[in-house]
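Below: the structure, in structure tokens.
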Amino acid sequence: MPTIHLTTFIQAPVERVFDLSRSIDLHKKTMAHTKEEAVSGCTAGLIGLDETVTWKARHLGKTRILKSKITQMKIPQTFTDEMVSGDFRKMHHEHHFKAVQNGTLMIDYMHYEVPYGWVGKLADTLLLRRYMNRLLERRNASLKKIAESELWKQFIY
């Protein structure tokens, strides 16, 4: 099962970064390039434990639907979302937050499993893994920029 591991330093308090990471409104803004929208479940505000969200977005030339659920949460240290339905065989995304001097370390572990046997594994090797890594890096860079500015206030309410 492929794993993407990213660590991002953000000059903002851990509570702010934690809440921004589970903000549906911020997610929509940072993923606007994929036309991502929350179409059911928690569609605005902060998603919480045992809540679901269904996302509709354009990835790799196709409109895709992914439903995920928050299966674990310890405020403000960690939360996990897992795919309930979507194009992956499995997807498990752990979000960890550690308060450090002058800010927060945001650590992502995304584990996923592709369908379609060897064809899916080949597609993952050639394209998908790099695409997913860049997607998360871009989202984290946007979240960092907002968390370190005054803009964060419009996403936590």
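No lab work stands behind these numbers, since they all come straight from the coordinates. Note that the structure is a prediction, hence the values are computed from the model and not measured. Because the Cβ atoms are built from the backbone with ideal geometry, glycine has one as well, and the counts that use them run over all protein chains shown.
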Full extension between Y109 and K145 adds, at 0.36 nm per residue less the Cα distance, a length in nm of 10.9 nm
Just to check I understand the Karplus step: with θ = phi - 60° and J = 6.51 cos²θ - 1.76 cosθ + 1.60, what whole-Hz values come out for the range 114-126, glycine and proline as x? 8, x, 6, x, 5, 5, x, 5, 5, 4, 5, 5, 7
Taking θ as phi - 60°, what are the ³J(HN,Hα) couplings along the range 98-113 by the Karplus curve (6.51, -1.76, 1.60), each to the nearest whole Hz, with x for Gly and Pro? 10, 5, 9, 4, 6, x, 9, 9, 9, 10, 10, 10, 10, 10, 9, 10
How about the range 6-92: which GluC sites (Glu not before Pro) there are in a DSSP loop, with at most 13 other Cβ atoms within 10 Å of their Cβ? none
Considering the dipole of the chain built from charges on the beta carbon (Lys and Arg +1, Asp and Glu -1) around the Cα centre, which of A44, W55, T7 is farthest to its positive end? W55
Could you give the size of the charge dipole of the chain about its Cα centre, using +1 on the Cβ of each K and R and -1 on the Cβ of each D and E, expressed in debye and rounded to the nearest 20? 520
Sorted on mean Cβ neighbours within 10 Å (highest first), peptides 97-107, 118-128 come out as 97-107, 118-128
Highest mean first, what order results for 146-156, 21-31 on Cβ atoms within 10 Å? 21-31, 146-156
